[in-house]
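Have a look at the structure below before the remarks.
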């Protein structure tokens with residue numbers, strides 16, 4: 001099992017998968033880790049749906065241009081708009097999207113720790129996915145996570161120098177009133 | 001049955017292309033050429049299953065699968081690859097007496 005720092009830096013978007021099946025308990029485990037992500041106002045307006053049926057995976061792929069390869073499972077991360085707006089008013093839906101994003105990151109890291117490859121996808125047709133998977137009106141599919149055991153090594157990840165994006169105490173180069 | 005499989009495969013490809021068209025309205029411009037060449041690769045898959053492909057198309061698909069993800073890491077390499085792909089496909093038009 002990778003430690004948290006390794007899991008974060010080692011994670012890649014995996015788009016090529018082997019034929020190896022994913023055990024149900026692993027899907028449940030990564031979902032549990034997603035479920036433990038922070039939630040604004042402790043509203044927890046998130047739902048998860050896993051798909052392993054190969055024919056349904058193909059249909060979802062045809063509605064998701066951002067999905068590549070042949071994943072062995074797809075996780076759908078949804079926001080409960082009604083619950084979020086009921087608890088947090090007009091901002092509720094935005095909070096719920098942020099909640100889903102945080103859950104997705106947990107899911108990606110948990111998948112990586114279990115040796116699974118994953119890729120998070122937003123490029124899909126939300127209404128068509130809702131229709132195909134029978135989601136009620138107030139449940140909004142926000143992200144898909146394609147999963148499978150990696151085939152081949154993905155290119156090493158690249159990030160800009162941390163100093164270019166990390167500011168301490170005030171924004172460097174700013175003429176603003178960051179100094180106190 | 002075979003015709004039904006072909007119909008299903010084409011239906012999925014058309015779904016993919018229509019969804020791409022729908023989503024591309026609000027996606028990065030470079031995703032447009034990416035979706036087009038990805039659809040080309042998927043079409044070659046279908047042709048291969050029908051025994052209706054040739055060496056040029058197979059090699060073109062290999063090229064696509066090898067280099068299409070440059071779209072996310074190296075814009076120049078992606079553009080170079082698109083040109084390389086077209087020149088590769090032109091080879092399929094050569095006649096026997098050339």
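Values in this text are rule-based calculations from the coordinates and carry no lab data. This is a predicted model, so every value here is computed, not measured. Positions of Cβ are generated from backbone atoms using ideal geometry, with glycine treated the same way; all protein chains shown enter the neighbour counts.
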query = Summing -39500 (n - 2.57) over the DSSP H runs of n ≥ 4 in the protein assembly as shown and dividing by its residue number, what mean residue ellipticity at 222 nm do you reach, to the nearest 500 deg cm²/dmol?
reply = -16000 deg cm²/dmol
GNM flexibility winner over chain A from A:43, A:14, A:30 (Cα, springs under 10 Å) = A:43
inquiry  = Can you compute the modelled spin-label distance between residue A:55 and residue B:10, with each label point 7 Å from Cα toward Cβ, in nm?
reply    = 2.1 nm
Euclidean distance between Cα centres, region A:13-77 to region B:1-50, Å = 22 Å
message = I'd like the FRET efficiency for residue B:47 and residue A:156, computed as 1/(1 + (r/R0)^6) with the beta carbon distance as r and R0 of 25 Å, rounded to 0.05.
response = 0.10
remark   = Out of A:81, A:131, A:29, a Gaussian network model of chain A with alpha-carbon springs under 10 Å gives the largest mean-square fluctuation to A:131
ask   = Looking only at A:170, A:119, A:78, which one moves most when chain A is put into a Gaussian network model with springs between Cα atoms under 10 Å?
value = A:170
ask   = Is the shape of the protein assembly as shown rounded, prolate or oblate, going by the alpha carbon gyration tensor and its root eigenvalues a ≥ b ≥ c, with a/c under 1.5 for rounded and a/b larger than b/c for prolate?
value = prolate
inquiry  = Taking the beta-carbon count within 10 Å as an exposure proxy, list B:31, A:171 from fewest neighbours to most.
reply    = A:171, B:31
Mean Cα-pair separation over length for chain A, i.e. relative contact order, pairs under 8 Å, 6 or more apart, % = 32 percent
query = Relative contact order (percent) for region B:2-93, with alpha-carbon contacts under 8 angstrom and 6 or more residues of separation?
reply = 26 percent
request  = Using R₀ = 51 Å, calculate the FRET efficiency as 1/(1 + (r/R₀)^6) where r is the Cβ-Cβ separation of residue B:72 and residue B:2; round to 0.05.
outcome  = 0.90
Gain upon complete extension [residue A:167, residue A:42; 0.36 nm per residue less C-alpha separation] = 42.1 nm
request  = Rounded, prolate or oblate: pick one for region B:2-93, where a ≥ b ≥ c are the square roots of the eigenvalues of its C-alpha gyration tensor, a/c under 1.5 means rounded, and failing that, prolate if a/b is larger than b/c, else oblate.
outcome  = oblate
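Going by a ≥ b ≥ c, the root eigenvalues of the Cα gyration tensor, does region A:4-153 fall in the rounded group (a/c under 1.5), the prolate group (a/b larger than b/c) or the oblate group?
oblate
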